[in-house]
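Heads up, the thing below is written out as structure tokens.
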Amino acid sequence: MLSESILCLLTEDLLIRILEKLGPDRKPWRLVCKDFLRVESVSRKSIRILRIEFLLGLLEKFCNIETLDLSLCPRIEDGVVSVLLSQGSASWTRGLRRLVLSRATGLGHAGLEILIRACPMLEAVDVSHCWGYGDREAAALSCAARLRELNMDKCLGVTDIGLAKIAVGCEKLERLSLKWCLEISDLGIDLLCKKCLDLKFLDVSYLKVTSESLRSIASLSKLEVIVMVGCSLVGDDGLRFLEKGCPLLKAIDVSRCDCVSSSGIISVINGHGDLEQLDAGYCLSELSAPLVKCLENLKQLKIIRIDGVRVSDYILQTMGTNCKSLVELGLSKCVGVTNKGIIQLLSGCGNLKVLDLTCCRFISDAAISTIADYCPDLVCLKLESCDMVTEKCLYRLGLNCSLLEELDLTDCSGVDDIALRYLSRCSKLVRLKLGLCTNISDIGLAHIACNCPNMTELDLYRCVRIGDDGLAALTSGCKRLTKLNLSYCTRITDRGMEYISHLGELSDLELRGLSNITSIGIKSVAISCQRLADLDLKHCENIDDSGFWALAFYSQNLRQINMSFCIVSDVVLCFLMGNLKRLQDSKLVSLPKVTVNGLEVALRACCGRIKKVKLQRSLRFLLSSEMLETMHARGCKIRWD
């Protein structure tokens, strides 16, 4: 009563400020305090819907929202939209500015148009991965005249006609992503550039456009970022159009553009001395001396990624001399990266915060120690498959790189428990990948657990010496873990699962190939890890029906599950697929106790909301064509293994 009376004396502004300090999980506070419930209902600006049955109630409660995210809601259809807009005052639509419909494959053009027209203030829409969307849906989007940001990645049916409707109806567009919209050609891009003159960001990755599209794009006077990954028909002649166009260009990505050479990139650099980011991975055979010399003109260059390119010590030395403002460098799978080259590079690039040396196999402790000494502000370091790395350089990292948040040591066979003890000094680590590091054990994991409390993602794939004791230490020290990969850590038993059940924030768990866990262990995880959304149980052959019953009953937030090669019966599979209302992706390959009829019943039980399913190829002609066609019509992709 005393606390309640004190809160009653506070103004609404003060209550809102207190609420903002409470973090993302405010539900407990709302439940115990009417004042918090009241101020959040009027002050909350964004909402992400997880279960469709709560949609209407939440929208009525939070009527002042500006962002509505329906991407995790398993089934949004035209009928649902009609109900939302017909019941109550639908006042939530008046102030809505951002609408996220990513993977909302069930929403058709009619429902989309109704929703768009009901939101007059709409400025941003995301319909990415709605792979069935075409020109009719594009026409519906064109009704949002105030639209400034549109993401249409992988809307496979959209053609130049649909893009033209958007260009005409949404002339205020500033950001547009058309990645994987394979039916769009030069014609559509040309019209877009003539109508949407305010474009600042444009992504045309993997489109079948030619250099003629870059002639059109060059006319965009406000464009700052152009992304054209995998545009195999664009060449140097197209990049030359950009040399004298797009005066405000800050970033360009020509990764995997097979017809682009150093000459084309040099022309872009010559015309844009203020360029800040350059991505040219897997499009150059080698980094030529003229191109590196040209980088000297880019005084503002902060990010360069040249993955897969052949380099030399001289080239890296020249980069160190010419690119002193670099904060991120990507050299993943570059041939010719040596200790000497890295040491010479770092003599001029001491401000690096992100460095990717994935598969640079000639890198050893000498180079990594130099990185630790020269780059104290390092935040992210990727060393996958750098198998000459040992505890010596990790000692230097732990000593000097106190800001390190992400480290990838996958397949670094020289990493052992001593190395992890040194590394544990990096107490701000958030993401750590140790997959295939077969020399680490529970002792090393305990060092990380004791000193890295902020860890949210940990990959221990095939770390075969990790067992239950390591998980005991991990779950005691790293309580914020959201993603954990324990696949093929075969020493782990049900006791380890009991420890994992203490991770209340866990959302992604990979347990593939753990032959020593049973239904007892998986039940403890299902009961306690209420936020679990992605679960991989492939080849967990000792989990029987009782374990899957527990998942069906307790794990109501599951969105993805891999049950391939598991021992589950027809009845339990049907119950699980029908009872998990948020399930969107399931892998059901080689289920030895499931019959064809049982599988079909299970698929029908989730047909209205599942978006992806993976099945055994031999079943393709055994399952009824009517059922498969219905699933496809409702937006489900079936992958045959």
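Ordered by packing density, taken as the mean number of other Cβ atoms within 10 Å over each peptide's residues, highest first, how do 168-178, 434-444 rank?
434-444, 168-178
If you roll a 1.4 Å probe over the stretch 434-573 with all protein chains in place, what percent of the accessible area is carbon or sulfur?
Carbon and sulfur atoms account for 49 percent of the accessible area of the stretch 434-573.
Determine the sum of side-chain charges near Asp365: Lys and Arg each +1, Asp and Glu each -1, restricted to other residues whose C-beta is under 15 angstrom from that of Asp365.
0
List the equivalent ellipsoid semi-axes of the stretch 44-198 in whole Å, largest first, each obtained as the square root of 5λ for an eigenvalue λ of the Cα gyration tensor.
For the stretch 44-198, the semi-axes come out at 27, 16, 12 Å.
So, with a 1.4 angstrom probe, what is the percent of accessible area on the stretch 93-170 that is carbon and sulfur?
So the carbon and sulfur contribution to the accessible surface is 51 percent.
List the equivalent ellipsoid semi-axes of the chain in whole Å, largest first, each obtained as the square root of 5λ for an eigenvalue λ of the Cα gyration tensor.
39, 36, 27
Counting only Cα, what are the radius of gyration and maximum Cα-Cα distance Dmax of the stretch 264-353, in Å?
When restricted to the Cα atoms of the stretch 264-353, Rg and Dmax are 11.7, 34 Å.
State to the nearest 20 debye the size of the charge dipole of the stretch 47-142 about its Cα centre, where the only charges are +1 on K and R beta carbons and -1 on D and E beta carbons.
The calculation lands at about 200 debye.
How much net charge surrounds Val209 when only other residues with a Cβ under 11 Å from its Cβ are counted (Lys, Arg +1; Asp, Glu -1)?
With Lys, Arg at +1 and Asp, Glu at -1, the neighbours total -2.
Once you sort the root eigenvalues of the Cα gyration tensor of the stretch 412-504 as a ≥ b ≥ c, which label holds: rounded (a/c under 1.5), prolate (a/b larger than b/c) or oblate (the other case)?
Here the stretch 412-504 falls in the oblate category.
Mind checking which lysines have their Cα closer than 25 Å to the Cα of Lys428? Skip sequence neighbours fewer than 8 apart in that chain.
List returned: Lys21, Lys302, Lys353, Lys382, Lys392, Lys479, Lys483.
Any idea which of Ile166, Cys73, Ala139 is furthest toward the positive side of the dipole for the stretch 37-180, if Lys and Arg beta-carbons carry +1 and Asp and Glu beta-carbons -1?
Final value for the positive-end residue is Cys73.
How many times 2.2 N^0.38 Å is the alpha carbon radius of gyration of the stretch 216-277?
0.98
With N set to the residue count of the stretch 589-641, report its C-alpha Rg divided by 2.2 N^0.38 Å to two decimal places.
Here the Cα radius of gyration is 1.03 times the empirical estimate.
If you find the alpha carbon centre of the stretch 356-419 and of the stretch 112-129, how far apart are they in angstrom?
46
Just name one of Ala550, Ile517, Ser528: the one whose Cα is farthest towards the positive end of the charge dipole of the stretch 509-550 (beta-carbon charges, Lys/Arg +1, Asp/Glu -1).
Ser528
Report the charge-dipole magnitude of the chain in Debye, nearest 20, computed about the Cα centre from +1 at each Lys and Arg Cβ and -1 at each Asp and Glu Cβ.
Its charge dipole is roughly 900 debye.
Let me test this: with uniform point scatterers at the alpha carbons of the stretch 363-479, what is the Debye-based log₁₀ I(q)/I(0) at q = 0.19, 0.21, 0.22 1/Å?
-0.91, -1.13, -1.25
As I understand it, the dipole of the chain uses +1 on the Cβ of Lys and Arg and -1 on the Cβ of Asp and Glu, about the Cα centre. Which of Leu178, Gly245, Ser205 lies farthest toward its positive end?
Leu178
Report the net charge of residues surrounding Ala138, where surrounding means a beta-carbon distance below 12 angstrom and charges are Lys +1, Arg +1, Asp -1, Glu -1.
So the surrounding residues net to -3.
For the chain, report the accessible area per residue in Å² (1.4 Å probe, heavy atoms, rounded to an integer).
41
What is the count of Lys pairs in the stretch 44-198 whose alpha carbons sit under 21 Å apart, if the two are 8 or more places apart or on different chains?
Within the stretch 44-198, the lysine pair count is 10.
The values are calculated or read from the model by the stated rules, or taken from the named source; none is laboratory data. Keep in mind it's a predicted model, so treat the numbers as computed, not measured. Glycine gets a Cβ as well: all are built from the backbone with ideal geometry, and neighbour counts include every protein chain shown. Note: accessible area is taken over every heavy atom of the protein model, side chains too, but ligands, DNA and RNA are not part of it. Shrake-Rupley method; radii C 1.70, N 1.55, O 1.52, S 1.80 Å.
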